[in-house]
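Here the structure comes first, spelled out in structure tokens, and everything after it is commentary.
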Amino acid sequence: MTQTQPLATAELLAAVPRTVTLLGATGSIGSSTIDLLRRDPARYRVEAVTARRNGAALAKLARELNARFAAIADPAAYQELKSGLSGTRIEPAAGPTALVEAAQRPAEWVMAAITGAASLQPTLAAAERGATVALANKECLVCAGGLFMRRAAAAGAAVLPVDSEHNAIFQALGAGRREDVKRIILTASGGPFRTWPPEAIRKVTLEQALKHPTWSMGRKITIDSATLMNKGLELIEAHHLFGLESDELDVVVHAQSVVHGLVEFRDGSVIAQLGSPDMRIPIAHCLAHPARMTTPAQQLDLSRIGTLSFEEPDPVRFPALTMARRALEAGGAAPTVLNAANEVAVAEFVAGRLGFCGIPVLVEATLDAAERKGATGEPQSVEHAIAIDHIGRTLASELLPEIAAMAS
Ligand code: NAD
Ligand code: MG
């Protein structure tokens, strides 16, 4: 008679599907996450999916993933979602509270991949019930990072960084003790205009700004990468995720996007994480954490790449990075205002109402105006963060006509 061996705990855990929720399921990060889930469907069960306004696309995804709940932010898209889900047991819902409900439903792992500060409330709702939050969205940390990290820690939520640089740092930090870290270095591709003459950057079109040399991403982050505001937002993101101050956070321009982040320890050792520029690698790291999973990402072939280059970011071509550092060092409400003004500026550039070089000018003018108005305190509550975000957006909209005319 053969005796059945009892399963080891790890094997038992591996046999139980992990429940996951995708906030921002129809976007670039959402699609990359779904691509990984599809490769191993037995290991994951999808609880909820959300999107902004494409009800038909969300319904299609929810059906395919056999989700239990699908929430659309825009109430005008509710009927489209509902009819797309007819004949299924998937529950449709709409509006901001529906996004929060999606995050509150009992999934162990939540991908936070909604763009912008709109991600704050649903992401916080997932963190506050102690879920593992795979954090792609950086704007919620820039908007209210202190608050977010405190609430996540109080609820015992694990916050796993998806942003490639922060994921690299997270991995490299495992090589030593936190108190032995001297500084961290985030790499930046430099975007499409890294080598352009400053006069040419003034005439950049939307189409040119959307052509990122190494990464394929959603619109907002692609524009942020072209201005280098993305790296500025990432400095603030790193400050909150890793508890480091401005003088412990560096940026180096690395056009090949192969080295994603580095940690320097006090003995002089520098530990880096490398990989092909494919977001499925950091997403997979968070999805399988603490184990590893196979991904379809291209294997890194260093001899084919040949040369890895590193240079200082150019403050003349890219004033947005300097501005974000200023907001980080000022603290208080400055990062919240910076983020709000940048969201307005990027939307106005995309709509053709503001020139590319007007983006950092509008952000700076908004920061100055907010300082004069005395909007300086760090958000202590979600309502406070939303109120400061609103002030930043209003000031930026008021300043827009003058700056648009000046920067055209
Ligand atoms: P995307 O524009 O491709 O997708 C955004 C998703 O969020 C979509 O599902 C959209 O429907 C939803 N959404 C957008 N605005 C919303 C709103 N106001 N309310 C509710 N839902 C809304 O963006 P993305 O490139 O996938 O980026 C998502 C987040 O991840 C961003 O914060 C970005 O900075 C961050 N991130 C992205 C990448 C990347 O490679 N794409 C890398 C690092 C970090
Ligand atoms: Mg990044």
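The values are calculated or read from the model by the stated rules, or taken from the named source; none is laboratory data. What you are looking at is a predicted structure, and each value in this text was computed from that prediction instead of being measured. Heads up, the Cβs are rebuilt from the backbone with ideal geometry, glycines too, and the neighbour counts pull from every protein chain shown. Surface areas here come from the heavy atoms of the whole protein model, side chains and all, with no ligands, DNA or RNA. Shrake-Rupley method; radii C 1.70, N 1.55, O 1.52, S 1.80 Å.
When the residues of segment 50-60 are filtered to those that are surrounded by fewer than 22 Cβ atoms within 10 Å (Cβ to Cβ) and of a type outside the set (S, T, N, Q), which remaining residue is nearest to ligand 1 (Cβ to nearest atom)? Talk me through it step by step, then tell me what you get.
As a first pass, look at segment 50-60 and keep what is surrounded by fewer than 22 Cβ atoms within 10 Å (Cβ to Cβ): 52-54, 56-57, 60.
Now drop any that are not of a type outside the set (S, T, N, Q), which leaves 52-53, 56-57, 60.
Numbers: R52: 3, R53: 7, A56: 12, A57: 8, K60: 13 Å.
Here the answer is R52.
Could you list, in sequence order, all residues of segment 245-258 that are within 16 Å of ligand 1 (Cβ to nearest atom) and either open to solvent by 50 Å² or more (accessible area, probe 1.4 Å) or not in a loop (DSSP other than H, G, I, E, B) (or both)?
Passing the criteria: only V251.
For T187, are the conditions met, namely being in contact (Cβ under 8 Å) with a residue 40 or more places away in the chain, of a type in the set (S, T, Y) and under 14 Å from G261 (Cα atoms)?
Details: in contact (Cβ under 8 Å) with a residue 40 or more places away in the chain: yes; of a type in the set (S, T, Y): yes; under 14 Å from G261 (Cα atoms): yes.
Yes; evaluated as a whole, the condition is true for this residue.
Take F349 and decide whether it is assigned to a helix (DSSP H, G or I) and over 19 Å from the mean Cα position of the chain (by Cα).
On the way: assigned to a helix (DSSP H, G or I): yes; over 19 Å from the mean Cα position of the chain (by Cα): yes.
Yes, satisfied.
Of the conditions (1) over 23 Å from R326 (Cβ atoms); (2) free of Cβ contacts under 8 Å to residues at least 24 places away in the same chain; (3) away from ligand 2 (no atom under 13 Å from the Cβ), T222 satisfies every one except a single condition; which number is it?
With (1) over 23 Å from R326 (Cβ atoms); (2) free of Cβ contacts under 8 Å to residues at least 24 places away in the same chain; (3) away from ligand 2 (no atom under 13 Å from the Cβ) applied to T222, the lone miss is (3).
Filter segment 92-102 down to residues that are open to solvent by 90 Å² or more (accessible area, probe 1.4 Å) and not hydroxyl-bearing (S, T, Y), then give me how many there are. Walk me through how you get there before you give the answer.
If we filter segment 92-102 for residues that are open to solvent by 90 Å² or more (accessible area, probe 1.4 Å), which is where we start, we get 96-97.
Narrowing further to those that are not hydroxyl-bearing (S, T, Y): 96.
Final tally of qualifying residues: 1.
Scan segment 193-216 and give yes if some residue there is under 16 Å from the mean Cα position of the chain (by Cα) and either more than 27 Å from V337 (Cβ to Cβ) or in contact (Cβ under 8 Å) with a residue 60 or more places away in the chain (or both), otherwise no.
The first filter runs over segment 193-216 and keeps only residues under 16 Å from the mean Cα position of the chain (by Cα), leaving 215-216.
Going one step further and asking which of them are either more than 27 Å from V337 (Cβ to Cβ) or in contact (Cβ under 8 Å) with a residue 60 or more places away in the chain (or both), we end up with 215-216.
Yes.
Mind listing just one residue for me: the one in segment 210-231 that is of a type in the set (G, A, S) and near ligand 1 (Cβ under 8 Å from one of its atoms) and, of those, farthest from D278 (Cα to Cα)?
G218
Considering only residues that are of a type outside the set (S, T, N, Q) and over 13 Å from E364 (Cβ atoms), which ones fall in segment 319-343? Steps first, answer last, please.
As a first pass, look at segment 319-343 and keep what is of a type outside the set (S, T, N, Q): 319-321, 323-335, 337-338, 340-341, 343.
Matches in segment 319-343: L328, E329, G331, G332, A333, P335, A340, E343.
Write out, first by first residue and then by second, each pair whose Cβ atoms fall under 6 Å of each other, whose residues are 6+ apart or on separate chains, and whose first residue, in segment 253-282, is more than 14 Å from ligand 2 (Cβ to nearest atom) while the second is of a type in the set (D, E, K, R) and at pLDDT 95 or above.
Listed pairs, sorted by first residue: E264/K182; E264/R183; F265/D180; R266/D180; R266/K182; V270/E264.
Looking at S164, S225, S189, can you tell me which residue is farther than 22 Å from G24 by Cα and touching a His at 6+ places or on another chain (Cβ under 8 Å)? Give the steps one after another, and end with the answer.
Details: S164 fails: farther than 22 Å from G24 by Cα; S225 fails: farther than 22 Å from G24 by Cα.
Residue meeting the stated conditions: S189.
I'd like to verify a number: residues in segment 353-408 that are of a type in the set (S, T, N, Q) and farther than 15 Å from N339 by Cα, how many?
Here is the first cut: in segment 353-408, the ones of a type in the set (S, T, N, Q) are 366, 376, 380-381, 394, 397, 408.
Retained after the next criterion (residues that are farther than 15 Å from N339 by Cα): 380-381, 408.
Residues in segment 353-408 being of a type in the set (S, T, N, Q) and farther than 15 Å from N339 by Cα: 3 in total.
Looking at (1) in a loop (DSSP other than H, G, I, E, B); (2) open to solvent by 10 Å² or more (accessible area, probe 1.4 Å), can you tell me which one P379 breaks?
The failed condition is (2).
Can you name every one of the helices (runs of 4 or more DSSP H) wholly within segment 133-237 that holds 1 or more residues which are at pLDDT below 95, under 23 Å from S309 (Cβ atoms) and open to solvent by 40 Å² or more (accessible area, probe 1.4 Å)? Show your work before the answer.
Values: elements: 139-155, 164-173, 198-201, 206-209, 219-227.
It comes to 198-201.
What pairs come out if I take residues in segment 287-310 that are under 23 Å from L135 (Cβ atoms) and pair them with residues that are in a loop (DSSP other than H, G, I, E, B) and of a type outside the set (K, R) whose C-beta lies under 6 Å away, six or more apart or interchain?
That search, which allows pairs on different chains as well, returns A297/S276; A297/D278.
Say whether the condition of being under 21 Å from the mean Cα position of the chain (by Cα), open to solvent by 60 Å² or more (accessible area, probe 1.4 Å) and of a type outside the set (D, E) is met by at least one residue in segment 304-316.
Checking segment 304-316: not a single residue is under 21 Å from the mean Cα position of the chain (by Cα), open to solvent by 60 Å² or more (accessible area, probe 1.4 Å) and of a type outside the set (D, E).
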